[in-house]
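Read-outs throughout are calculated quantities, based only on the coordinates presented, and are distinct from any laboratory measurement. As the structure is a computational prediction, the values presented were derived from the model and not from experiment. Every residue, glycine among them, receives a Cβ derived from its backbone with ideal geometry; neighbour counts consider all protein chains shown.
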Amino acid sequence: MEYTAAQRLDRLPETKFHRRIAAMIAAGLFFDTFDLYLASSVMAAFTSTRWATVEQNAQFASAGAFGALIGAFLAGWLGDLYGRKFSFQFNLLLFGGASLAAVFVPSMDWLIPLRFIMGIGLGAEIVVAYATITEFVPPTKRGKWSAILFFVGTAALPTSNVLGYLLIPAVGWRSMFAIAGLGAMFVWWMRKQLPESPRWLESKGYIKEAREILDRIEADVVKDTGAALPVPDVAASVSSTAKFTFGDLFKPNLLGSTITGMVLHIVALSSLYGFIVWLPTFLIKQGLSLETALGHAAQVSIGALVGVVAGAWWSDKWSRKRSIVLISIVSAVVGYIYANVGSIESTKLLGSALIALIYFSAAMGYSAYVPELFPTELRLRGTGISSMAGRAASIVAPQVVAVLFAANGVTAVTLVLVGLFLIQAVVIGLFGVETNSRSLESQFAARSGGTPTVERRVAADI
């Protein structure tokens, strides 16, 4: 009997093979987010050395944001049409090459367009990373590995801050782009060993190539475990050959998934750019000095790592759908209390708790749940559209915060965030699907609008 790629992959135990795949994906994600976060340090350096004006700094930041928006869209098309590996390598070359070029720019007139190019690669890498890991790891471990990748990306923030503190005063801001560019190029070389996703190959009809990769993966697993492989579950992945088209993302069969993915990204990035980034400003407005506010913000931000670790531990233990709904409601309650407390100590405690909850939810939703919502042939495009919505929100959020803050201070900002959490709870409750410990393909058996057939081709036909 011939088994599908999903059936063969889903029955595999977690081994060194899965850890190698995760390491190659995580390495690229780390340098991607490092490149994203270095903007804060280098913009401060631009200002202090008068290398750029405030207006040019704003253009630099906006160029990266708009590039990431476009990159999220392009990643979906490239990854679904030409493969996960192709998209991975293209992204790395794009933001890695542009980062290296930034080391030598003579002025901001050159750096701003380069930041736009970097942004395309940065936005694309995040989309492909989380979607790809879901196609390799066992169903019972998807949440854990997605959260681990999210932790690696989050860890790039303190790393960027520390290196900026150590290197920029000593050797200048160009060193930060050199680290990002060289790191990306090293990962590009390392990822040449990354296999293409057998699920994607099978969805495009490249059956021979998919089986060859599956045979190598299974041989690695047998060598690692020293035991025979379990028999594939023939009841799993019954819809792995179902055909979906791009238009299905906006039709009843998949529209709920599209709405769910967009809301999860909008809430996650609105929380980041509408609350977390503004936290030092909020504390200063409550009467703290700049130094004290930054110190409190650093302490509060520890909640981010706590939240991601908790998300990794919890993600596969209970329904992701119900967990996200519950955490969204709890976040709304904590946010409401935060908006109404008066003391600084209470603000610190509740701020840490709120950030932990935000990252707990993101570790399950933003990184793990969203890629599970879409069939293989649309996984990157569905995730990309969701990411685009979040990127658009991240561009708008700072402007909205400025207006709200001027109207009624921290209270107005936080209450809007509370509203977003409640909307997320309702949307996930209505449109979310159960995905824990289930094959990626199983939920789509009753939702396909096409004919369940697989065209057999070989890679040479591309």
C-alpha long axis of helix 379-431 to longest principal axis of the chain, angle in °: 10
Chain lengthening between residue 15 and residue 400 when straightened (0.36 nm per residue, less Cα-Cα): 134.0 nm
Simple spin-label estimate for residue 186 and residue 82 in nanometres, 7 Å along Cα-Cβ: 2.7
Charge dipole (debye, nearest 20) of the range 52-186; +1 at Cβ of Lys and Arg, -1 at Cβ of Asp and Glu: 420
Label point distance in nm, residue 44-residue 227, each placed 7 Å from Cα along Cα→Cβ: 5.1
R0 of 22 Å, Cβ-Cβ distance residue 93-residue 62: FRET efficiency to nearest 0.05: 0.40
Spatial extent of the range 72-196: Rg and Dmax, with the Cα atoms as the point set, Å: 15.8, 51
Nearby lysines by direct alpha-carbon distance to residue 348 (threshold 28 angstrom, same-chain neighbours under 8 apart not counted): 285
Between helix 344-364 and the chain: long-axis angle, C-alpha atoms, 0 to 90°, nearest 10: 20
Net charge dipole size for the chain [Lys, Arg +1 and Asp, Glu -1 on Cβ; Debye, nearest 20]: 220
The range 133-253 - Debye-derived log10 I(q)/I(0), Cα point model, q = 0.09, 0.11, 0.22 Å⁻¹: -0.47, -0.66, -1.40
When each of 85/243; 85/317; 144/223 is checked by Cα-Cα distance, pairs over 26 Å: 85/317
Kirkwood hydrodynamic radius of the chain, Cα pairs, Å: 22.7
Degrees separating the helix 54-82 axis from the principal Cα axis of the chain, which is the longest one: 10
Rg to Rh quotient for the range 5-224, alpha carbon positions, Kirkwood Rh: 1.04
Spread of Cα-to-Cα distances over 10 Å intervals beginning at zero, given as percent, for the range 1-74: 15, 27, 23, 17, 11, 6, 1
